[in-house]
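To start, the structure under review is shown below, and the notes come after it.
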Amino acid sequence: MDWPSLTQLRFLAVGGFPYGTLGGLTMNLIIVALALVAGFVIGLLLGLGRLSERFLICRPCAAYVELIRATPLVMVLFWFYFLIPNVLGARIGLFWTSTIAMTVYVSAYLAEVVRAGMLALPTGQPEAAYSIGLTHVQVLLYVTLPQALKMMIPAFVSTFISLFKESPALLMIGVAELMDTGYSIATLHLKLIPATFLIVGATFFVICFALSRVSLRLERKLNPDRRAVPLDPELQLDMVAGAGGGARRVGAGTR
Amino acid sequence: MIKFVDVHKWFGGFHVLKEVTLQIERGEVMVICGPSGSGKSTLIRTINKIEPIQQGELFVDGQCLSDRKLNVFRLRADVGMVFQQFNLFPHMTVLQNVTLGPLKVRRLKPAAAQERALAALEKVGLGTFAERYPSQLSGGQQQRVAIARALAMEPKILLFDEPTSALDPELIKEVLDVIVKLATEGRTMVVVTHEMGFARKMAHRVTFMDHGRVIEVATPDEFFRQPRHERARQFLSQILD
Amino acid sequence: MGTMIREWLGISYEFNWGIMFQEPYFDWFLTGLKYTLLLTAVTTVTSIVLGVVVGVMRSSENAWLRRVAGWYIETFRNIPGMFWLFFFYFAFPVFLPEPWSQALNPYRHFAFVAAVLGLTFDNSSYVAEIVRAGIQGLAVGQTEAGRSIGLTDWQRYRYVILPQAIRIVVPPLGTRCIHNLKNTSLALVIGVPELTWTVRQVESITFRGFEMTTLVTAVYVALCLTMAAGVNWMEGRFARRDELKLAQ
């Protein structure tokens, strides 16, 4: 089996950097991380909005979330790829386009995580908070959110893992991420195919496996009494349409 | 102080409160009892508008609860509630649980809030438990903290929704003692409970409910010795062996 | 009015909604739709079959079966679906003995087959986990109750465990299948002309990305929502059927 050279390996890890654009594994990780942070803020607002009693807030949020969750990642990427240059009149570069697209995509799923977390709180908590006279915002800030967010952390980590696993889709709009750089190297020479695939596959495996172990440990530590968000986190990105089907716990634990 | 006038409430299709007309005076200790499903918990929860009513009028401390201009948050600050499931905030210490209201709702300075909280905790006998977390307390202690939390707001009315029903028998007494102490201080209290001993001793009046209706309202003497209605008699014979 | 909206949004793009229905673009769209539906249908069936087998293996009492199933599941769950698509299209033929890979070369539909393989294996690992969780989620008491009535292992599975497991399993399985539908959009990288491929084709030739993207997104959303409704309906049916069985 022929192994890729060191230069090629570096290409896999960081793409053309520092001579060209950043790419490879680093690109996957950075975009996913950024998308998750920004997506969390948006997802939090969306999730809370979806729980609101005001029709004008609840409906649009729900529509947005359901629409995005029913759309493949690739299509969301295409949307922003076509939309952004036209709306803003200028190209803002592939990196930011993909980050924004990923943010929008993951925000819908995180909105569901938030919503499930809030729904999982015993109703007595907000009731007790309201009964001492706290306003809506105060109840959220001091009582419900602190508890709900803590329960959501494992689901949040799992969403990170799922998004990372979907990040190769970025190559469809030209981002030179790990799968793409791997493909470039593998097609250089037939003999390189086995080794390159092995390396790329192993990289994904190691990262996802490690992250999921972290997620398991986090869940055990944070919720020893097993009161985590009642969703099988690994199935996070699969859910479409409605709490009924999604918010059910299938058997024990996660992975 | 609290006045129900022909109040009705539905949960979807289920008619949970029917033609409820009841008056509770200032300084009165009113015990509400009845079989499960009679609507007594729902009734007490309408007083601080945790459950809204669909028909009829409800006046609390002179304010009409259906009034559009009502500031429900200020109302709730003046009405303290103790729940069956305690509902302490698990992510806060006992002290933080009790100071939350005074700090954020009464807008007291931290020092003043803490003083008030500690006084309330002393009153329920848990002054030294300030830095503990609810999970480290027994059921009886948690409920007493919940009472302190309500007291720290210096409410005009105290509502108790089956405060001892979720407690192990040996822990009931410590909570009841606190409630008795409060009752002797001339507060307006509405207590939903199965503890008939308490009702006999401390209540000014007893309200009996069944299937969403107020069946009988009488003094403990009248109610326990000679209930006028058949269902009241059935209920008492079941409860008081 | 379209112009007004365009100016307000600052879009300097001339919409031409009719273009999607012109030839040959509409033909491509129909081909894409056909391939998406075909791919979804085939992979759903194969991945469920495979997934159930692996899932049952994973919850078996035989330690070796459990271990092997465990490796299978970990391998396919930790590595992205797109990798497997590439793998089956590019790498797999390389591992085959010479005559076989030569025979595959001119095979027109190899991309489709590779896509089916990749998506099947990927999806089956999730199905296996769902099945395992469903089986193990049933109270141990059920097993003992079954045993105590004198049922054999096989009978126990057939009459007690599996029916209940199915009820637990249908919702997450349904949502997983919906995700499978969305995953078929990845097949375009190895050349399967499914719906998303259509978008790229039309855009690269006419530079009109918008209209096709909108149409295709609408199709995906419609398909997903329909499947979701189907899952909800099945949930309802299974619940009622079980009640009927008990009544008997």
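Laboratory data are not the source of any read-out in this text; all were calculated from the coordinates shown. Note that this is a predicted model, so its numbers are computed, not measured. Methodologically, a virtual Cβ is constructed for each residue, glycine included, from the backbone with ideal geometry; neighbour enumeration extends over all protein chains shown.
Debye-formula intensities of the range A:6-246, expressed as log10 I(q)/I(0) at q = 0.17 Å⁻¹, are -1.24 (one equal scatterer per alpha-carbon, no solvent). Residues within the reach of a label modelled at B:E115 (point 7 angstrom out along Cα to beta-carbon, backbone nitrogen below 14 Å), restricted to the range B:149-188: there are none. For the protein assembly as shown, the normalised intensity computed at q = 0.08, 0.11 Å⁻¹ comes to -0.81, -1.18 (log10 of I(q)/I(0), Debye sum over alpha carbons, equal scatterers, no solvent). Put simply, when C:48-55, B:121-128, B:76-83 are sorted by average Cβ atoms within 10 angstrom per residue, most first, you get B:76-83, C:48-55, B:121-128.
Shape index of chain B: Rg/Rh, with Rg the Cα radius of gyration and Rh the Kirkwood radius from the inverse mean 1/r over Cα pairs, equals 0.97. Between B:D168 and A:L141, the FRET efficiency from the beta-carbon distance, with R0 = 25 Å, is close to 0.15.
The relative contact order of the range B:139-241 comes to 21 percent, based on Cα pairs under 8 Å that sit 6 or more residues apart. With R₀ fixed at 56 Å, the C-beta to C-beta distance from A:L198 to A:R59 puts the FRET efficiency at about 0.70. In degrees between 0 and 90, to the nearest 10, how far off the longest principal axis of chain B does helix B:139-151 point, with axes built from Cα atoms? So the inclination is approximately 90 degrees.
Estimated from helices alone, the mean residue ellipticity of the protein assembly as shown at 222 nm is -19500 deg cm²/dmol (sum of -39500 (n - 2.57) over DSSP H runs with n ≥ 4, per residue). Between helix B:230-239 and chain B there is an angle of about 50 degrees, using the helix long axis and the longest principal axis of the Cα atoms.
A cut-off of 5 Å between modelled amide H atoms, ignoring neighbours fewer than 5 places along the same chain, links B:G39 with B:G212. Mind jotting down the distance between the C-alpha centroids of the range C:112-132 and the range A:183-215, whole Å? Centre-to-centre (Cα) distance: 19 Å. Its alpha carbons give the range B:63-140 an Rg and a Dmax of 14.4, 43 Å.
For the modelled label position 7 Å from the Cα of A:I30 along Cα-to-Cβ, which residues of the range A:55-92 have backbone nitrogen atoms closer than 18 Å? From the range A:55-92, the list is A:92.
Across the range B:20-37, computed HN-Hα scalar couplings (Karplus, 6.51 cos²θ - 1.76 cosθ + 1.60, θ = phi - 60°) run 7, 10, 8, 10, 10, 7, 4, x, 8, 9, 10, 9, 10, 9, x, x, 5, x Hz from first to last residue, x flagging Gly and Pro. Sorting the segments B:12-18, A:65-71 by their residues' average number of neighbouring beta-carbon atoms within 10 angstrom, most packed first, yields A:65-71, B:12-18. Here the Karplus curve 6.51 cos²θ - 1.76 cosθ + 1.60, taken at θ = phi - 60°, turns the phi angles of the range C:41-54 into couplings of 4, 4, 5, 4, 4, 5, 5, 5, 4, 4, x, 5, 4, 5 Hz, with x standing for Gly and Pro.
Close Lys pairs in the range B:106-241, defined as Cα atoms under 24 Å apart and 8 or more places apart or on different chains, number 11. Projecting label points 7 angstrom from Cα along Cα→Cβ for A:S52 and A:V206 puts them 4.7 nm apart. Restricting the chymotrypsin sites (Phe, Trp or Tyr not before Pro) of the range A:115-175 to loop positions (DSSP other than H, G, I, E, B) with no more than 13 neighbouring Cβ atoms within 10 Å leaves nothing. Label reach from B:E185 (point 7 Å along Cα→C-beta): in the range B:130-152, amide nitrogens under 20 Å belong to B:130, B:140-152.
Computed on the range A:6-246, with alpha-carbon pairs under 8 angstrom and 6+ residues apart, the relative contact order is 26 percent. Annotation note: chymotrypsin sites (Phe, Trp or Tyr not before Pro) in the range A:17-92 located in DSSP loop regions with a Cβ neighbour count of at most 15 within 10 Å are A:Y19. Under Stokes-Einstein, with the Kirkwood radius over Cα pairs standing in for Rh, what whole-number D in µm²/s applies to the range B:1-82 at 4 °C and 1.567 mPa s? Rounded, D is 98 µm²/s.
Taking amide hydrogens as placed 1.01 Å from N in the peptide plane, the amide H of B:L108 sits under 5 Å from those of B:L103, each at least 5 positions away in sequence or on another chain. What is the angle, in °, between the Cα long axis of helix B:94-104 and the longest principal axis of the Cα atoms in chain B? Nearest 10 is fine, range 0 to 90. Compared with the principal axis, the helix lies near 80 degrees. Percent of C-alpha pairs per 5 Å bin in the range B:1-143, short distances first: 2, 8, 15, 17, 16, 15, 13, 10, 4, 0.
Annotation for C:I205 and C:V113: the two label points, set 7 Å from Cα along the Cα-Cβ direction, are 2.8 nm apart. The mean sequence distance of close C-alpha pairs (under 8 Å, at least 6 residues apart), as a share of the length of the range B:2-239, puts its relative contact order at 28 percent. Amide H to amide H distances under 5 Å link B:V16 with B:K9, B:W10, B:F11, where only residues 5 or more positions off or on other chains count and H is placed in the peptide plane.
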